[in-house]
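Structure record follows, encoded as structure tokens.
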Amino acid sequence: MVLDLNSPAHTLWKSDLYRIQLEAPVPIPILCDDILADKPNFLGQDYHGAISHVNASDLLNSQENGAYLVRSSKSANGQFYTLSLKFNSKIHHYKLYVDPDGGLYVREKRYDCARSLVADGLVTMYLELKAPMILQRLTSVNYHESPYMTFTLNKRKLRALSKQNALNKSVSESNFAPNNIPLSQQILGHNLPENVAPVKPHVFKPTTFKGLNWCELCANFLWGFTLQGKKCEDCGVIAHIKCSEKFANDCVPDLKYLRGVFGIELTTLLSAYKTEIPFVVKKCVAEVEARGLTTEGIYRLSGFADEIDAIKMALDKDGEKADLSMEKYPNVNVITGALKLYLRILPVPLITFEIHPRLIDAIQHSDQDLRLSSIKHALLLLPKPHYDTLKFMIQHLHRVARHAPINKMNALNLATVFAPTLIHHPPNIIPDVRSDILLLEVMINKCETVFFK
């Protein structure tokens, strides 16, 4: 399976579960004003002491979904506490066990307080309520159609490991000295035979991830706030707990040094690199502005897929030191193709799911001043990494559009190209493409007003 780099609708990561998590109820603690002598130090003011389930239900019935309290009962004998929680307009009661080292735990997950536990639990319960079909499909994902397999880097990794196994077998039979070329160099090498199956299993460990992460087997969001999935200690691949059980024995420890920047959530990436704009965007834009502003059809025409893939691998491997010069890539369209690919496979699009509806509402205003001010205020609600990167890109597209008499790419044409790249839609919703294009056209034409005044 090959990524269709020319498809404007292609989105690598499935964001349905992420969108659903955003809709989940939030914890609403019902506080107890009484001073309780028996309150454990790991419980807060949401602990109500020894009250019955009837009393707990009375306190919660009039509250919104997400309301909760913690209580104890005589039958527990100090072995557990009870969480009473309102969800889906019903009152539920759950046992909470105490971690001897402090805090609470449910199954394998441990929490420092009840609020953290409830926040995590509400997300899972809401997903089970709203997305049972998606969760069911996670257990039947086809390994050989996963993003983990379709990324060219990983395909080359498997070929490299196959070659290494074949060489080891040949060396063992001939008593020659073993091949000492680093595996990381082989991964980035030439076409390699695939006649020997890789043999090293992954070493998956339960992990609490910071920021947003996606499973590299099924491409779905790792929901929740603690122990969202597992990570291979050797190669760094990330997966849901269930998905981790389906990986083949194809672990290459060198891969964790080549995991790169494509397909990484923007806020997480910029935090790790301590920068405001992704270097992929800065480097590609610099090349386009140096030698592509007068190229006819810039951003509309696509370069060869293998060259775009080579640029992706160079940026993943060498970072800011990657060579994107004219001598290396004389066709500037492969630079624009790599930039569009980077933006297209962001797990959370540059114009986020939460802010997109506000922008569409803003573009409907017939009064020009009200339209621009509404767009500006909606954009200010974007996370800073998204706002800064979008501002950088729109300014660049404004400069490209100023050369429209030569390059034939005015604001409308650029907006038509970039709308499906910067904005993602749920698969079951027919997008309002005209509004998306109009929004970007206005932003490109009026970027000084939208982002500065």
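The values are calculated or read from the model by the stated rules, or taken from the named source; none is laboratory data. These numbers come from a predicted model, not from an experiment. Heads up, the Cβs are rebuilt from the backbone with ideal geometry, glycines too, and the neighbour counts pull from every protein chain shown. These area figures cover heavy atoms from the full protein model, side chains too; ligands, DNA and RNA do not enter into them. Shrake-Rupley method; radii C 1.70, N 1.55, O 1.52, S 1.80 Å.
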Practice task
Find the centroid of the Cα atoms in the stretch 363-436 and in the stretch 201-230, then give the distance between the two in whole Å.
Solution key: 32
Practice task
Over all alpha-carbon pairs of the stretch 332-453, lay out the pair-distance distribution in 10 Å bins, whole %, shortest bin first.
Solution key: 13, 48, 33, 6
Practice task
Between beta-carbons, use under 10 Å as the cut-off and find the net charge around Leu379, counting Lys and Arg +1, Asp and Glu -1.
Solution key: +3
Problem - Under 22 Å from the Cα of Lys230 - lysines, other chains or at least 8 residues apart - result: Lys14, Lys109, Lys155, Lys157, Lys200, Lys205, Lys210, Lys242, Lys246, Lys256
Exercise for the section: Using only alpha carbon pairs under 8 Å that are at least six residues apart, calculate the relative contact order of the stretch 327-405 and give it in whole percent. Expected result: 25
Problem - Karplus-derived 3J(HN,Hα), 6.51/-1.76/1.60, for each residue of the stretch 17-27, Hz, glycine and proline x - result: 5, 5, 4, 5, 4, 4, 8, 5, x, 9, x
Practice task
Check cross-link reach from Lys283 to the aspartates and glutamates: straight Cα distance under 20 Å, and skip same-chain residues fewer than eight apart.
Solution key: Glu265, Asp306, Glu307, Asp309, Asp316, Asp318, Glu320, Asp323, Glu327, Asp388
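Looking at the stretch 253-361, which trypsin sites (Lys or Arg not before Pro) are in a loop (DSSP not H, G, I, E or B) and have at most 11 other Cβ atoms within 10 Å?
Details: sites: Lys256, Arg259, Lys274, Lys282, Lys283, Arg291, Arg300, Lys312, Lys317, Lys321, Lys328, Lys340, Arg344, Arg358; in loops: Arg259, Lys274, Arg300, Lys328.
In loop regions of the stretch 253-361 (DSSP not H, G, I, E or B), the sparsely surrounded trypsin sites (Lys or Arg not before Pro) are Lys274.
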Fill in the blank from the handout: Excluding ligands, DNA and RNA, the carbon-plus-sulfur percentage of the accessible area of the stretch 333-430 with a 1.4 Å probe reads 57
Practice task
Give me the lysines in straight-line cross-link reach of Lys408: C-alpha distance below 21 Å, same-chain residues under 8 apart excluded.
Solution key: Lys340, Lys446
Problem - Whole-Hz couplings from phi, Karplus 6.51/-1.76/1.60, listed for the stretch 328-335; x for Gly and Pro - result: 7, 10, x, 7, 5, 5, 6, 5
